[in-house]
Amino acid sequence: MKSILLVSDNQELIQNLETIVTFMGESCQSRGFAECEQYIQDCGADAVIVELTSLDAVKRLVEKFPHIPFVALVKDLNQASANRNLVSVVATPLTYPVLTQAIHRCQEYSRRKPGLSRATGTKTRLFRSLIGKSEQIQIVRRLVEQVAPTDATVLILGESGTGKEVVARNVHFLSERKDGPFIPVNCGAIPGELLESELFGHEKGAFTGAISSRKGRFELAEGGTLFLDEIGDMPMQMQVKLLRVLQERTYERVGGNKPLKCNVRIIAATHRNLETMISEDKFREDLYYRLNVFPIDSPALRQRKDDIPLLLQELNSRIQGDGVEGVRFTENAIASLMEHEWAGNVRELSNLVERLTILYPGQIVDITDLPEKYQYGDVQAYEPDYPEEILEREAFNALFAEAAAHEPEDEDDAAESDTQRVLVSSELPEDGVNLKEYLSELEVNLIRQALDNQDWVVARAADKLGMRRTTLVEKMRKYDIQRMEDA
């Protein structure tokens with residue numbers, strides 16, 4: 001704690017408190033009860049240790065400053081109990097272990113205070129990549145913020161797709177090396193025989209095809225951060241060489257003999273269980289302890305499903321930032337996504353959002369719009385029930401357009417289409433027309449054509465006419481349309 005206020009009118013108690021608190025390495029100030037309130041208002045305090053001589057007076061003081069943790073000193077533990085920002089009640093005479101525990105509670109009260117945000121500016125922007133309110137992701141954010149200012153080697157553990165590189169980039173950009181390069185290397189994607197050259201570089205003529213000197217990733221990352229992804233896939237012979245670099249902070253290019261100094265921060269990541277690999281002689285134990293200085297566990301998405309609504313919002317914002325129309329989700333769709341196990345973690349969720357953006361740009365996505373594997377619970381697809389007038393009008397318009405697009409090219413075609421031309425003509429005859437009979441004849445003719453074309457399969461004929469099967473059956477009954485059996 002930066003400043004602990006000791007409150008008591010008993011000078012002997014104050015002296016004992018000052019001795020213990022100073023021995024603990026904490027700074028403190030002392031005041032009498034009458035002047036402590038004014039001191040807190042003027043100077044503030046990270047924690048207050050107060051002798052409880054009047055329960056009402058202490059309760060009033062505690063309630064007036066809810067953002068400050070208090071420790072009450074009592075002669076009898078039955079005098080008061082810890083509650084809210086009165087984080088601990090300690091019996092006198094004091095002991096070092098008890099007071100240490102009480103001050104630790106004060107630290108935890110201040111550290112976990114709701115709404116506390118240490119990250120501003122660049123930190124806030126970068127931490128958006130670690131979106132979520134779950135305890136698991138909050139722990140990751142806190143660990144990143146704590147380790148970033150140091151040069152400690154970080155080992156990020158977690159399943160594929162949990163965003164281990166996102167964690168690594170946050171560590172780099174919140175560190176003193178943020179102006180230096182961030183160089184990622186996927187150790188599992190590079191063949192073992194090429195990995196040494198890729199990491200350390202090579203001199204001209206070092207091997208067949210080395211027509212010129214080339215810098216390795218260590219040189220490229222000088223002054224910055226080297227991210228070794230999938231370190232568990234690194235061959236054993238390369239593990240030995242990497243260990244030497246971590247120990248001696250020097251390396252040589254392949255084919256060279258000049259030692260190069262290494263000023264690079266190492267961040268490694270893997271989805272494998274390195275301790276199991278050590279027992280199977282697949283990973284060096286000494287390298288593991290060199291890398292595992294500060295481990296960070298990247299949680300699986302199924303462990304923090306409550307973050308899915310915020311992740312959907314964040315992923316959608318990124319897509320919209322690229323100039324693409326995003327999608328929105330109904331509550332049912334979000335609830336269904338929260339039931340999924342997400343074997344591919346955040347990467348799988350990101351891919352799903354991108355796919356839905358292509359299918360339904362700018363639209364609202366319901367549970368029935370999700371791929372079947374993401375649908376949980378009773379799913380009833382909504383089927384619009386259109387008025388008959390709309391269905392008939394659309395069917396006629398479609399057929400009229402089709403007829404106009406297929407004008408007869410010779411006299412034989414013209415003879416065959418005379419009847420259809422009369423029916424689809426939009427010109428009113430000089431003698432007039434009975435519109436009701438005209439439309440009925442047109443409807444019967446089109447229905448028969450559709451049925452004949454689809455071999456009298458009613459469902460397919462209805463689809464051809466743009467109406468529901470039940471509607472077509474009703475019209476066939478109305479006009480007494482039946483299939484004529486061949487003689």
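The values are calculated or read from the model by the stated rules, or taken from the named source; none is laboratory data. These figures come from a predicted structure and were not determined experimentally. Using ideal geometry, Cβ is built from the backbone for each residue, glycine included, and neighbour counts are taken over all protein chains shown. To get the accessible areas, we keep the full protein, side chains included, count just its heavy atoms, and leave off ligands, DNA and RNA. Shrake-Rupley method; radii C 1.70, N 1.55, O 1.52, S 1.80 Å.
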Of these, Val167, Val240, which one is surrounded by 15 or more Cβ atoms within 10 Å (Cβ to Cβ) and among the hydrophobic types (A, V, I, L, M, F, W, C)?
Val167
Identify, by number, the condition in (1) under 30 Å from Ser134 (Cα atoms); (2) out of contact with any Asp or Glu (no Cβ under 9 Å at 6 or more places or on another chain); (3) open to solvent by 90 Å² or more (accessible area, probe 1.4 Å) that Tyr96 doesn't meet.
(1)
Being in contact with a Leu (Cβ under 9 Å, 6 or more places away or on another chain), within 20 Å of Asn186 (Cβ to Cβ) and assigned to a strand (DSSP E or B) is the filter here, so list the residues in region 225-268 that pass it.
Leu226, Leu228, Tyr251, Arg265, Ile266, Ile267, Ala268
Hey, can you tell me all the residues within region 349-382 that are assigned to a helix (DSSP H, G or I) and either open to solvent by 30 Å² or more (accessible area, probe 1.4 Å) or over 16 Å from Gln313 (Cα atoms) (or both)?
Ser350, Asn351, Glu354, Arg355, Ile358, Leu359, Ile367, Thr368, Asp369, Glu372, Lys373, Tyr374
Take the residues in region 257-306 that are under 18 Å from Gln247 (Cα atoms) and among the aliphatic types (A, V, I, L, M), then tell me which one is most open to solvent (accessible area, probe 1.4 Å).
Val293
Keeping to region 182-212, report how many residues are open to solvent by 40 Å² or more (accessible area, probe 1.4 Å), of a type outside the set (A, V, I, L, M) and in a loop (DSSP other than H, G, I, E, B).
9
Can you name every residue in region 146-170 that is aliphatic (A, V, I, L, M) and touching a Gly at 6+ places or on another chain (Cβ under 9 Å)?
Val167
Only residues that are free of Cβ contacts under 8 Å to residues at least 24 places away in the same chain, within 49 Å of the chain's Cα centre (by Cα) and closer than 17 Å to Pro387 by Cα: list them for region 438-475, please.
Ala462, Asp463, Arg469, Thr470
Please determine whether any residue of region 291-306 is part of a loop (DSSP other than H, G, I, E, B), touching a Ser or Thr at 6+ places or on another chain (Cβ under 9 Å), more than 19 Å from Glu230 (Cβ to Cβ) and among the acidic types (Asp, Glu).
no
Taking only region 36-59 into account, find how many residues are charged (D, E, K, R), touching a Ser or Thr at 6+ places or on another chain (Cβ under 9 Å) and surrounded by fewer than 20 Cβ atoms within 10 Å (Cβ to Cβ).
1
Out of region 246-301, which residues are touching a residue at least 12 places away in the same chain (Cβ under 8 Å), within 30 Å of Glu348 (Cα to Cα) and hydroxyl-bearing (Ser, Thr, Tyr)?
Thr270, Tyr288, Ser298
Scanning region 307-343 for residues that are open to solvent by 40 Å² or more (accessible area, probe 1.4 Å) and small (Gly, Ala, Ser), the one nearest to Leu228 (Cα to Cα) turns out to be Ala343
Among the residues of region 79-87, is there at least one that is at pLDDT below 90, surrounded by fewer than 19 Cβ atoms within 10 Å (Cβ to Cβ) and at positive phi?
yes
